[in-house]
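**Student:** Have a look at this one.
The values are calculated or read from the model by the stated rules, or taken from the named source; none is laboratory data. Because the structure is predicted, anything quoted here is derived from the model rather than measured. Positions of Cβ are backbone-derived with ideal geometry, glycine not excepted, and every protein chain shown enters the neighbour counts. The protein model used for the area step is the full one, side chains on, heavy atoms only, and it has no ligands, DNA or RNA in it. Shrake-Rupley method; radii C 1.70, N 1.55, O 1.52, S 1.80 Å.
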Amino acid sequence: MKKIVLLALGLCLLVSGVPAYQVFISAPETLTIGMPLVVNGTTTFGIGTPIDVVLYQQVTTSTEVKRKIAYVQADNTFRVIFDTTYLPTGTYKVEVPTVGTGDSVNMRQVRLIDRSDEILLSSQTTQVLSRKLSVTGKITGDINSGVQVTVIGPDNGVIFGPSYVTTDNLGGFSVEVPVSQTGDYEMTFTDSHGYIGSRVITIISGKDTLVPVTSVTGSAIMSARTKASRDNPAYFIVRPLNNGTVTVTTSSSVDWVVEYADANGVLHTVNDQGEVNAEEITIDSPQGPLYFKIYPYKYSVSTMVSLNAANVESVALSPTVPEVFRPVPEENVPGTGPAEPPEKTPPQKSPLGPIVAVCAAGSAMAVFCLRRS
């Protein structure tokens, strides 16, 4: 009987000597929308152990945005990457919802910011192939400093940069990039504060026809261009000048549906011209930015769309879905109940579970044997 008691106590002592499992993660405190959110971690869990990493948006409560599973590598590290391209600005947190004991750090707070409006591109977003791509514009706040420019070609290869381009006393910059083919060229901009945003310029052949745009005010035309489909609409931000009438047109040859929000937040839908002519919208003396959502009428269409505007300060692609176009949460709609919570991956069992169970069983056996003796 004493041997059984000693065996049970020895088992408990053996378990008590097992080190506590720990998890440590790191993530940037501030990140610009469009940059990948990289979460690195180290742990004392064994090689190959699955680790859940969850991204939450924090408003009044924490809402799960995305969940990924990483596996512990041979050096006891793990990593996951979250895409932030279409996330709204605000406060988020990344967390490993596992049983980490000791001095584990399994949660980090991240603030997503939007700097894309700091890029004011004045060069045409559709240019005829002439062996060079002209990129001119202004970076708000980068006065007499500089900006790092990278250009990615239609084949997804870097054809220019990262290269430092100086800015003048107004933040203006200009650079010409040699090109040899038509297609979409993406430019990314980074300064001393980090990533700012990106823009796309499309190079066409001389045989292609540019959409003619005329301005009733005689002012310069600003435009932006991107790909749009029914499932993935294009979103634009138009910033008017201080006074006058803003005239907005789309590209033609596709039956485009245009939704826009005026300065009062009222939504309008325009779909008058069909496939032949461009849609045209006139807005009298708007105050504040205008937001546009454009998509083809046909579900089978997925192609490039241009938004052109006269008497405006800038036209830019929106890196996120503007607030006015986001669906109202179901719990806020009268007559409906709360939305179903997102499906979650079942939590992983801690490796300590079986050991603790054995220890508990051993302790119970020891007590029972002592009472019998």
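**Student:** Exactly one of these conditions fails for Gln181: (1) open to solvent by 60 Å² or more (accessible area, probe 1.4 Å); (2) under 24 Å from Ile237 (Cβ atoms). Give me its number.
**Tutor:** (2)
**Student:** Do you know which residues across the range 26-62 are open to solvent by less than 60 Å² (accessible area, probe 1.4 Å), under 30 Å from Ile119 (Cα atoms) and of a type in the set (Val, Ile, Thr)?
**Tutor:** Residues satisfying the conditions are Thr32, Ile33, Val38, Val39.
**Student:** Moving on. Need the failing condition index for Gly288 against (1) touching a residue at least 60 places away in the same chain (Cβ under 8 Å); (2) surrounded by fewer than 19 Cβ atoms within 10 Å (Cβ to Cβ); (3) under 17 Å from Leu317 (Cα atoms), just the number.
**Tutor:** Answer for Gly288: the failing condition is (1).
**Student:** Now for a different question. Any idea which of Thr303, Thr282 is over 26 Å from the mean Cα position of the chain (by Cα) and at pLDDT 80 or above?
**Tutor:** Values: Thr303 fails: over 26 Å from the mean Cα position of the chain (by Cα).
Testing whether each residue is over 26 Å from the mean Cα position of the chain (by Cα) and at pLDDT 80 or above leaves just Thr282.
**Student:** Looking at the structure I just gave you, is Val266 open to solvent by less than 30 Å² (accessible area, probe 1.4 Å) and either touching a strand residue (DSSP E or B) at 6+ places or on another chain (Cβ under 6 Å) or within 19 Å of Glu323 (Cβ to Cβ) (or both)? Break it down into steps so the answer makes sense when it comes.
**Tutor:** Values: open to solvent by less than 30 Å² (accessible area, probe 1.4 Å): no; either touching a strand residue (DSSP E or B) at 6+ places or on another chain (Cβ under 6 Å) or within 19 Å of Glu323 (Cβ to Cβ) (or both): yes.
In short, no.
**Student:** Which of the strands (runs of 3 or more DSSP E) found entirely inside the range 98-196 contain at least 1 residues meeting this: modelled with pLDDT of 85 or more and under 30 Å from Ala27 (Cα atoms)?
**Tutor:** Per the criteria, 107-113, 132-139, 146-152, 158-166, 183-191.
**Student:** Now for a separate question. Can you name the residue in the range 37-92 that is farther than 18 Å from Met107 by Cα and of a type in the set (A, V, I, L, M, F, W, C) and, of all such residues, is modelled with the lowest pLDDT?
**Tutor:** Across the range 37-92, the extreme among qualifying residues is Leu87.
**Student:** Go through the range 236-258 and give me each residue that's surrounded by fewer than 21 Cβ atoms within 10 Å (Cβ to Cβ) and either of a type outside the set (A, V, I, L, M) or part of a strand (DSSP E or B) (or both).
**Tutor:** Those that are surrounded by fewer than 21 Cβ atoms within 10 Å (Cβ to Cβ) and either of a type outside the set (A, V, I, L, M) or part of a strand (DSSP E or B) (or both): Ile237, Arg239, Asn242, Asn243, Gly244, Thr245, Ser252, Ser253, Asp255, Val257.
**Student:** Another one. Considering the range 155-176 alone, what residues qualify as being surrounded by 12 or more Cβ atoms within 10 Å (Cβ to Cβ) and polar (S, T, N, Q)?
**Tutor:** Ser163, Thr166, Thr167, Ser174
**Student:** Additional query: Being touching an Asp or Glu at 6+ places or on another chain (Cβ under 9 Å), buried (at least 17 other Cβ atoms within 10 Å of the Cβ) and of a type outside the set (A, V, I, L, M, F, W, C) is true for just one of Thr202, Thr150, Thr190, Thr140. Which residue is that?
**Tutor:** Thr202
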